[in-house]
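J.: Handing you this structure, nothing more for now.
The values are calculated or read from the model by the stated rules, or taken from the named source; none is laboratory data. Since this is a predicted model, take the numbers as computed values, not measurements. FYI the Cβ positions are ideal-geometry reconstructions off the backbone, even for glycines, and counts take in every protein chain you see.
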Amino acid sequence: MRGVGTTTRGLEEVAISEITEIVGKNARKAHPGLVTFDCTELDLFMLNFLARSLHRIIMLLIEESFSDAEDIYRKVKEVDFSGYIDENQSFAVRAKRCGTHDFTSMDVASWVGQAVIDSFMEATGKRLTVNLDEPDVIVRVEVRDE
């Protein structure tokens, strides 16, 4: 499993040291303000409770290149979200787009949200509830122009 930690730009090395100190795993700077690391689910919990230089600790489900909107949808739909979201929980997608694209972050959130719903429905036969204001689970997606 891979983890992602967000931190203040310029403090990536501090965050990397803290990850190593708390869970004994090596981390690397992925982008300004973003570090990645191999981890277990327990490591994510430990970092969430003990890390002081990390703002968010995120379980990385997909790290892929894509060609178009349909490709984003297809790759997200391949994830079985029934292992991460309970049928009684609501969810929302928070999308961030960095770089130049012919689509918006709102477009990405819509595609990913539909893929999550379709994946969950395929796995369980039930439709997830979307709650954009106070979701139980937040699915974060970041699209980078690289």
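J.: Is it the case, given these coordinates, that residue 54 is over 30 Å from residue 121 (Cα atoms) and hydrophobic (A, V, I, L, M, F, W, C)?
T.: yes
J.: Still on this structure: What are the pairs with Cβ atoms under 7 angstrom where one residue, in the stretch 50-70, is more than 13 Å from residue 18 (Cα to Cα) and the other, located anywhere, is aliphatic (A, V, I, L, M)? Sequence gap at least six, or different chains.
T.: These pairs meet every condition: 58/4; 59/1; 59/44; 60/4; 61/79; 62/76; 62/79; 66/72.
J.: Same structure, new question: Would you mind stating whether residue 79 is touching a Leu at 6+ places or on another chain (Cβ under 6 Å) and over 21 Å from residue 15 (Cβ atoms)?
T.: So residue 79 passes the test.
J.: Residue 115 passes all but one of (1) outside the structural domain of residue 9 (by TED's automatic domain parsing); (2) part of a loop (DSSP other than H, G, I, E, B); (3) within 24 Å of residue 1 (Cα to Cα); (4) not aromatic (Phe, Trp, Tyr); which number fails?
T.: With respect to (1) outside the structural domain of residue 9 (by TED's automatic domain parsing); (2) part of a loop (DSSP other than H, G, I, E, B); (3) within 24 Å of residue 1 (Cα to Cα); (4) not aromatic (Phe, Trp, Tyr), residue 115 is out only on (2).
J.: Based on what the data block shows, is residue 87 farther than 22 Å from residue 1 by Cα and touching a Ser or Thr at 6+ places or on another chain (Cβ under 9 Å)?
T.: So residue 87 fits the description; yes.
J.: Give all pairs with beta carbons closer than 7 Å in which a residue from the stretch 116-143 that is modelled with pLDDT of 95 or more meets a residue that is surrounded by fewer than 16 Cβ atoms within 10 Å (Cβ to Cβ) and assigned to a helix (DSSP H, G or I); count only pairs at least 6 apart in sequence or on separate chains.
T.: If the second residue must be surrounded by fewer than 16 Cβ atoms within 10 Å (Cβ to Cβ) and assigned to a helix (DSSP H, G or I), the pairs left are 127/121.
J.: Return the residues of the stretch 81-97 that are farther than 23 Å from residue 144 by Cβ, in contact with a helix residue (DSSP H, G or I) (Cβ under 9 Å, 6 or more places away or on another chain) and not hydroxyl-bearing (Ser, Thr, Tyr); say none if nothing qualifies.
T.: Of everything in the stretch 81-97, those that are farther than 23 Å from residue 144 by Cβ, in contact with a helix residue (DSSP H, G or I) (Cβ under 9 Å, 6 or more places away or on another chain) and not hydroxyl-bearing (Ser, Thr, Tyr) turn out to be 83, 85, 87.
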